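The values are calculated or read from the model by the stated rules, or taken from the named source; none is laboratory data. Computed from a predicted structure; not experimentally measured. A quick note on method: Cβ atoms are made from the backbone with ideal geometry, for glycine too, and the neighbour counts reach across all protein chains shown.
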Amino acid sequence: MKYKILIVDDSLTDRMIISNMLKEFDILTATNGAEAMETIDRNLDIDLIILDLNMPVMTGFAVLERLRSDVRYAGLRVIILTNFDEIENEIRGLELGAVDYIRKPVNIQSLRIRIDIHLKLKSMQKKVEADNVVLDSLVAERTRELVGTRDITIHALVGLLEVRNYESYNHTIRTQKMMHRLCEHLQTKPKFMEILTDAYVRELTTTTPLHDIGKVGIPDHILLKPGKLTPEEFEVIKKHVDYGVIALQNEVVGDALVPSFVKTAIDIIGGHHEKYDGTGYPKGLKGEQISLPGRLMAVIDVFDALISKRVYKEAFSYDTSVAIIREGAGTHFDPDVAFAFLEIVDDIRTIAEQYSR
C-alpha cells in the first residue's frame with residue numbers, strides 16, 4: 001500500500017527537502033492553504049498532511065478550521081510545522097485538530113519518525129474501520145435473522161388461537177394498531193417520552209398479539225360459549241393469563257437469557273387484566289405496580305372488546321364505549337393512559353373501522 005501525503009508550505013526549499021525524504025510515498029504539494037484545500041477536495045484519500053501554519057492567501061490555522069468543520073475530512077491526520085518560538089501556535093494548532101507538530105528548521109530524522117508513527121496509526125485505523133464494517137454487516141444480518149425468528153414465532157403462537165376462535169384474528173390486528181398509535185401519542189407526554197423509545201414502541205407493538213395467547217389452554221365449551229359465563233367458568237377463563245405467562249417463561253432459562261421482547265410480552269400478558277385500583281387479576285396489583293405494557297394493553301383490550309360483537313354479546317356504540325373508558329380512568333385504568341387514549345379516540349375509531357370484520 002502506497003501512502004498519500006500532502007505537503008503544504010510556502011517555502012519551496014522546505015517542500016523539496018521533505019518531498020525528497022519521502023520519495024517512496026505518493027507526494028502532493030501545495031504552496032498555501034487555499035491551494036491545499038483544493039488538493040484535499042480532489043484527494044479525500046490523503047493519509048497525512050504536513051502543514052505549515054504561517055502562509056499567505058490562507059493560513060494553516062484556516063485550513064485546520066475548515067477540516068474540523070466538515071465530516072468529509074474527519075479521517076485526515078495533520079502534522080503542523082512551526083518555528084521554535086511559536087509555542088502558542090503549536091497549542092492552537094493542536095486544539096484545532098492537528099495530531100502532532102514539528103519545529104522549523106525541520107529535523108529530518110525527527111520528522112520521518114513522526115511520519116512513520118502516524119502512518120502506522122492511520123493503517124491501524126483503516127483496519128479497525130474495515131473490521132467494523134464487516135462486524136456491522138454481521139450484526140445487522142444476525143439482527144434480521146433474530147427479528148424474523150421472533151416474528152415467525154409470534155405469528156405461529158397467535159395462529160394457534162386464531163384457528164380456534166376467528167374473532168381473535170381481527171382483534172389481534174386492531175389491538176396491535178391501537179397500541180402503536182397510543183404509544184406514538186404518549187411519546188409526546190413528558191411522563192412517557194423517555195420510557196417509550198422508538199425501539200420500545202416497536203417491541204410493544206410486535207408483542208401485543210400475544211396478550212391472549214394463554215386462551216389456547218381454555219376449553220372450547222367455555223372459550224366459545226355463546227352466553228354469559230358462570231362464576232366457575234369465569235374462573236377458568238381467568239387462568240388464560242397464567243397460562244400465557246407460564247408458556248413464555250418456560251421458553252427461557254435464567255433471567256439473563258430472557259430476550260427483551262419476551263419480557264415485554266410477559267408484562268403485557270400478565271398485566272392486561274389487572275386494574276388500577278387493585279381489583280383485577282391474577283395478582284391484584286395496584287397503580288404502577290402494574291407494568292406499563294399491562295396498563296397500556298388494559299385500555300386497548302377493553303375498548304376493542306366493547307366496540308366488537310362477540311358470541312356472548314352485541315357491540316357497544318362508540319359513545320358508550322368512550323364513556324366506559326372515561327368512567328374507568330383511575331379505577332380500572334391508569335388515568336394518564338386512559339385520558340391519552342381518549343385524546344386520540346378518533347384515530348382509534350378509524351383503526352377499528354378499517355379492520356372490522
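Is it the case that some residue within the stretch 298-309 is among the basic types (Lys, Arg) and surrounded by fewer than 18 Cβ atoms within 10 Å (Cβ to Cβ)?
Yes, the stretch 298-309 contains a residue that is among the basic types (Lys, Arg) and surrounded by fewer than 18 Cβ atoms within 10 Å (Cβ to Cβ).
Out of Ala315, Ala352, Ala323, Ala340, report the one residue that is of a type outside the set (Asp, Glu), part of a helix (DSSP H, G or I) and modelled with pLDDT under 95.
Result of the check over Ala315, Ala352, Ala323, Ala340: Ala352.
For the stretch 38-90, how many residues are hydrophobic (A, V, I, L, M, F, W, C) and more than 23 Å from Val106 (Cβ to Cβ)?
Selection size over the stretch 38-90: 3.
Given the conditions (1) outside any helix (DSSP H, G or I); (2) in contact with a helix residue (DSSP H, G or I) (Cβ under 8 Å, 6 or more places away or on another chain), report the number of the one that Phe303 does not fulfil.
(1)
Can you tell me which residues in the stretch 311-349 are in contact (Cβ under 8 Å) with a residue 60 or more places away in the chain, β-branched (Val, Ile, Thr) and within 21 Å of Gly271 (Cβ to Cβ)? Even if it seems obvious, please write down each step before you answer.
Pass one, the stretch 311-349, residues in contact (Cβ under 8 Å) with a residue 60 or more places away in the chain: 311-312, 336-337, 340-341, 343-344, 347-348.
Remaining after also requiring β-branched (Val, Ile, Thr): 311, 337, 344, 348.
Of everything in the stretch 311-349, those that are in contact (Cβ under 8 Å) with a residue 60 or more places away in the chain, β-branched (Val, Ile, Thr) and within 21 Å of Gly271 (Cβ to Cβ) turn out to be Val337, Ile348.
Run Arg114 past the list (1) part of a helix (DSSP H, G or I); (2) modelled with pLDDT of 85 or more; (3) touching an Asp or Glu at 6+ places or on another chain (Cβ under 8 Å) and report the number of the one that doesn't hold.
(2)
From the residues in the stretch 100-126 that are aliphatic (A, V, I, L, M) and out of contact with any helix residue (DSSP H, G or I) (no Cβ under 6 Å at 6 or more places or on another chain), which one is farthest from Asp47 (Cα to Cα)?
This residue is Val106.
Would you check if Phe261 is aromatic (Phe, Trp, Tyr) and modelled with pLDDT under 90?
Yes.
Can you go through Ile266, Ile307, Ile246, Ile300 and tell me which one is touching a Ser or Thr at 6+ places or on another chain (Cβ under 8 Å) and modelled with pLDDT under 95?
Of the residues listed, the single one that is touching a Ser or Thr at 6+ places or on another chain (Cβ under 8 Å) and modelled with pLDDT under 95 is Ile307.
Go through the stretch 175-202 and give me each residue that's part of a loop (DSSP other than H, G, I, E, B) and either among the aromatic types (Phe, Trp, Tyr) or not assigned by TED's automatic domain parsing to the domain that holds Asp304 (or both).
The answer is Phe192, and nothing else.
With Leu224, Leu204 as the choices, which residue is touching a Ser or Thr at 6+ places or on another chain (Cβ under 7 Å) and aliphatic (A, V, I, L, M)?
Among Leu224, Leu204, only Leu204 is touching a Ser or Thr at 6+ places or on another chain (Cβ under 7 Å) and aliphatic (A, V, I, L, M).
So which residues in the stretch 1-38 are closer than 18 Å to Phe61 by Cβ and among the hydroxyl-bearing types (Ser, Thr, Tyr), if there are any at all?
Matches in the stretch 1-38: Ser11, Thr31.
Based on what the data block shows, is Ile18 under 40 Å from the mean Cα position of the chain (by Cα), assigned by TED's automatic domain parsing to the domain that holds Arg114, assigned to a helix (DSSP H, G or I) and buried (at least 17 other Cβ atoms within 10 Å of the Cβ)?
Values: under 40 Å from the mean Cα position of the chain (by Cα): no; assigned by TED's automatic domain parsing to the domain that holds Arg114: yes; assigned to a helix (DSSP H, G or I): yes; buried (at least 17 other Cβ atoms within 10 Å of the Cβ): yes.
The answer is no for Ile18.
In the list Pro209, Pro226, Pro282, which residue meets the criterion of being on the phi < 0 side of the Ramachandran plot, out of contact with any Asp or Glu (no Cβ under 7 Å at 6 or more places or on another chain) and part of a loop (DSSP other than H, G, I, E, B)?
From the options Pro209, Pro226, Pro282, the qualifying one is Pro226.
How about the stretch 159-194: which of its residues are modelled with pLDDT under 80 and crowded, with 20+ Cβ neighbours inside 10 Å?
Within the stretch 159-194, Leu161, Ser168 qualify.
How about the stretch 69-103: which of its residues are surrounded by fewer than 16 Cβ atoms within 10 Å (Cβ to Cβ) and touching a residue at least 24 places away in the same chain (Cβ under 8 Å)?
Quick first cut of the stretch 69-103, residues surrounded by fewer than 16 Cβ atoms within 10 Å (Cβ to Cβ) only: 69-72, 74-75, 83-85, 87-88, 91, 94-95.
If the condition is that a residue be surrounded by fewer than 16 Cβ atoms within 10 Å (Cβ to Cβ) and touching a residue at least 24 places away in the same chain (Cβ under 8 Å), then Arg72, Gly75, Asn83 are the ones that fit.
Kindly check whether there is at least one residue in the stretch 127-137 that is modelled with pLDDT under 75, over 30 Å from Ile7 (Cα atoms), touching a Phe, Trp or Tyr at 6+ places or on another chain (Cβ under 8 Å) and not hydroxyl-bearing (Ser, Thr, Tyr).
No.
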